[in-house]
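The values are calculated or read from the model by the stated rules, or taken from the named source; none is laboratory data. Because the structure is predicted, anything quoted here is derived from the model rather than measured. Here the Cβ positions follow ideal geometry from the backbone for every residue, glycine too, while neighbour counts run over all protein chains shown.
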Amino acid sequence: MESPRTVVVGAGIVGLCGAYELARRGVEVVVLDRDTTFDNASCGNAGLFSIGHYPLTRPGASLRGLRWMFNRSSPLWIRPSLSPDLLRWLWTFHRHCNDAHLQRCLQTLGAMGWRTIQALEEILDTESIDCLYRRSGWLDLVLDHANLDLATREAKVLAPLGYRTDRISGAELRRMDGAYRDEVAGAVHYVDSAIIHPGRLVRGLAAASERLGVTIRRGVTVEGLATDRTGRCIGARLSSGEVVRGETVVLAAGIWSDALAASAGVRVKMQPARGYHLQLEGVAQLPTTGGVMHETFVAYNPMGTQLRLAGTLEIAPVGRPWMRRRLGALITGARRYLHGIDSGRATEEWAGYRPCTADGMPVIGFIRETPGLYVATGHAMMGLMLGPITGRMIAADICGESSTIDPEILASVRPDR
Ligand SMILES: Cc1cc2nc3c(=O)[nH]c(=O)nc-3n(C[C@H](O)[C@H](O)[C@H](O)COP(=O)(O)OP(=O)(O)OC[C@H]3O[C@@H](n4cnc5c(N)ncnc54)[C@H](O)[C@@H]3O)c2cc1C
């Protein structure tokens with residue numbers, strides 16, 4: 001079988017899943033990444049494999065964001081700016097925060113959810129990756145009784161897509177797991193989902209890909225995409241001047257995909273949404289599963305002897321100094337839900353960027369105007385979860401297995417020029 005070389009830009013979850021799936025199909029693959037330390041969003045995220053998850057574009061989300069705009073401690077914060085790109089993104093985002101769009105997204109994301117967990121479990125079984133994977137579901141933890149009704153209604157929307165959810169009272173919750181405080185009114189359990197240690201998954205995927213023959217070049221910065229005179233993408237241009245050539249190029253560089261796509265005349269409109277995590281050692285009582293604290297949007301995930309708290313969504317240009325109060329907000333936001341948060345000692349502080357499109361959907365597919373180029377990005381707060389299916393779809397398409405691609409997912413490919 002002929003094995004055309006594919007160049008994958010980005011060794012995050014999306015790029016590595018693509019590389020792995022391509023290698024399994026006999027394709028020669030080179031992955032390029034400037035990072036040498038496994039420090040990307042794919043490693044630092046909360047580790048909730050929350051299938052069927054809602055996109056960012058929910059009814060009311062844009063107005064809530066505007067209300068919070070001037071509060072630097074709020075879970076969602078937009079740095080005030082008159083940048084035309086930001087204003088255009090915010091306006092498009094606002095237009096998509098409605099029920100009809102949410103329903104369309106959920107149809108696509110719901111179907112992808114089942115396929116992605118199957119793809120992940122196949123990889124973990126085949127490669128024996130030890131990443132603390134547990135199909136324990138996740139909990140939407142709620143303090144306020146009125147919010148518990150709201151959370152229950154939100155969960156029910158997923159029932160027609162086959163997702164199971166259970167409402168649990170505060171008393172039941174505490175009987176099951178002593179980690180939760182008396183103030184917690186209850187929870188909604190998203191039964192079908194899983195939790196995972198994302199950094200271990202990414203390292204395991206990289207090692208498995210290398211065993212299959214993938215070359216991973218770390219510490220190399222891609223400056224732009226290389227095209228020939230006909231406009232075909234023929235590789236990636238490194239800052240050293242070297243062009244790494246390939247028959248196809250998969251652009252999976254997270255938030256940086258935007259600028260790299262532009263170098264080939266393709267525009268993928270995204271905004272970076274920075275989030276933070278704190279890794280705590282010594283929390284007196286670790287919960288047995290992970291979840292999200294409904295009122296404060298702080299995600300939590302027990303990882304061995306540690307607890308990861310992650311969250312906050314800060315829309316601001318890449319590279320601005322950390323806002324340390326937002327790290328502090330993770331502790332404040334978790335304290336009322338979980339026992340023993342204050343006995344924890346932070347062993348790690350981290351920040352990274354979610355690549356967010358204005359309509360809440362990822363951008364996955366072949367760019368017709370630039371033959372040879374695939375884009376796989378824009379997964380926002382769902383990239384860990386959608387990574388395995390994204391990689392599989394891209395690999396299947398490159399290898400001509402078009403029957404595996406859901407037309408609804410292709411319909412979400414909207415790069416414009
Ligand atoms: C706080 C937080 C919590 C989250 N929690 C969850 C969760 O629980 N579940 C979930 O599903 N998702 C979660 N997410 C979202 C998820 O982490 C992202 O959607 C996902 O990691 C994006 O993966 P990626 O491969 O597209 O990008 P990245 O992980 O950002 O990888 C991109 C890679 O490209 C490389 N790169 C970029 N530019 C260049 C260049 N010019 N040259 C060479 N290399 C380059 C980077 O070094 C990087 O390694 C969370 C995100 C954050 C920030």
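Considering the conditions (1) within 12 Å of the ligand (Cβ to nearest atom); (2) modelled with pLDDT of 95 or more, Thr227 is excluded by exactly one of them, (1). Scanning region 45-71 for residues that are crowded, with 24+ Cβ neighbours inside 10 Å and outside any loop (DSSP other than H, G, I, E, B) turns up Leu48, Phe49.
Note on region 39-86: among residues that are hydrophobic (A, V, I, L, M, F, W, C) and near the ligand (Cβ under 8 Å from one of its atoms), the one that is farthest from Ala329 (Cα to Cα) is Phe49. Only one of the listed residues (Thr221, Thr230) is of a type in the set (S, T, N, Q), within 18 Å of Asp35 (Cβ to Cβ) and surrounded by fewer than 16 Cβ atoms within 10 Å (Cβ to Cβ). That residue is Thr221. For region 28-44, filtering for residues that are closer than 19 Å to Glu247 by Cα and surrounded by fewer than 23 Cβ atoms within 10 Å (Cβ to Cβ) leaves 2.
Identify the residue in region 329-350 that is touching a residue at least 12 places away in the same chain (Cβ under 8 Å) and assigned to a helix (DSSP H, G or I) and, among all such residues, is farthest from the chain's Cα centre (by Cα).
Initially, region 329-350 is screened for residues touching a residue at least 12 places away in the same chain (Cβ under 8 Å), giving 329-334, 336-341, 343-350.
From what's left, assigned to a helix (DSSP H, G or I): 329-334, 341, 343.
Numbers: Ala329: 21, Leu330: 19, Ile331: 22, Thr332: 24, Gly333: 21, Ala334: 21, Ile341: 26, Ser343: 30 Å.
Restricting to residues being touching a residue at least 12 places away in the same chain (Cβ under 8 Å) and assigned to a helix (DSSP H, G or I), the top hit is Ser343.
Taking first residues from region 68-84 that are closer than 19 Å to Met293 by Cα and partners that are modelled with pLDDT under 80 and in a loop (DSSP other than H, G, I, E, B), the Cβ contacts under 8 Å between residues at least 6 apart in sequence or on separate chains come to Trp68/Ser74; Trp68/Pro75; Trp77/Met69; Trp77/Asn71. The residues on offer are Gly328, Gly275, and the sole one that is closer than 22 Å to Arg79 by Cα and surrounded by 19 or more Cβ atoms within 10 Å (Cβ to Cβ) is Gly275.
For Tyr374, state whether it is buried (at least 21 other Cβ atoms within 10 Å of the Cβ), under 21 Å from Trp256 (Cα atoms), more than 17 Å from the chain's Cα centre (by Cα) and within 15 Å of the ligand (Cβ to nearest atom).
Against the criterion (buried (at least 21 other Cβ atoms within 10 Å of the Cβ), under 21 Å from Trp256 (Cα atoms), more than 17 Å from the chain's Cα centre (by Cα) and within 15 Å of the ligand (Cβ to nearest atom)), Tyr374 qualifies.
Suppose the filter is more than 15 Å from the ligand (Cβ to nearest atom) and within 22 Å of the chain's Cα centre (by Cα); does Gln306 pass it? For Gln306, the condition - more than 15 Å from the ligand (Cβ to nearest atom) and within 22 Å of the chain's Cα centre (by Cα) - is met. Contact annotation: residue pairs with Cβ atoms under 6 Å, 6 or more positions apart or on different chains, pairing a residue in region 292-313 that is over 10 Å from Gln279 (Cα atoms) with a partner that is more than 9 Å from the ligand (Cβ to nearest atom) and among the acidic types (Asp, Glu), are Val292/Asp140; His294/Asp140.
Which of the residues belonging to region 333-371 are more than 16 Å from the ligand (Cβ to nearest atom) and closer than 30 Å to Val184 by Cβ?
Those that are more than 16 Å from the ligand (Cβ to nearest atom) and closer than 30 Å to Val184 by Cβ: Arg335, Arg336, Tyr337, Leu338, His339, Gly340, Ile341, Asp342, Ser343, Gly344, Arg345, Thr347.
The single residue among Thr36, Thr108 that is polar (S, T, N, Q) and part of a loop (DSSP other than H, G, I, E, B) turns out to be Thr36.
Within region 1-38, the set of residues being hydrophobic (A, V, I, L, M, F, W, C), within 10 Å of the ligand (Cβ to nearest atom) and either free of Cβ contacts under 8 Å to residues at least 60 places away in the same chain or closer than 27 Å to Met303 by Cα (or both) comprises Ala11, Ile13, Val14, Leu16, Cys17, Phe38. Apart from one condition, Ser412 fits all of (1) within 16 Å of the ligand (Cβ to nearest atom); (2) over 30 Å from Arg64 (Cα atoms); (3) modelled with pLDDT under 95; the exception is (2).
Can you confirm whether Arg153 is out of contact with any Asp or Glu (no Cβ under 9 Å at 6 or more places or on another chain), surrounded by fewer than 22 Cβ atoms within 10 Å (Cβ to Cβ), over 22 Å from Arg308 (Cβ atoms) and not polar (S, T, N, Q)? Judged against the criteria, Arg153 is a match. Could you tell me which residue of region 107-143 is nearest to Tyr190 (Cα to Cα), considering only residues that are acidic (Asp, Glu) and surrounded by 14 or more Cβ atoms within 10 Å (Cβ to Cβ)? Restricting to residues being acidic (Asp, Glu) and surrounded by 14 or more Cβ atoms within 10 Å (Cβ to Cβ), the top hit is Asp140.
Scanning region 322-369 for residues that are among the hydroxyl-bearing types (Ser, Thr, Tyr) and under 28 Å from His96 (Cβ atoms) yields Tyr353, Thr357. Counting just the residues of region 249-263 that are crowded, with 23+ Cβ neighbours inside 10 Å and not in a helix (DSSP H, G or I), which one comes out farthest from the ligand (Cβ to nearest atom)? The extreme case among them is Val249.
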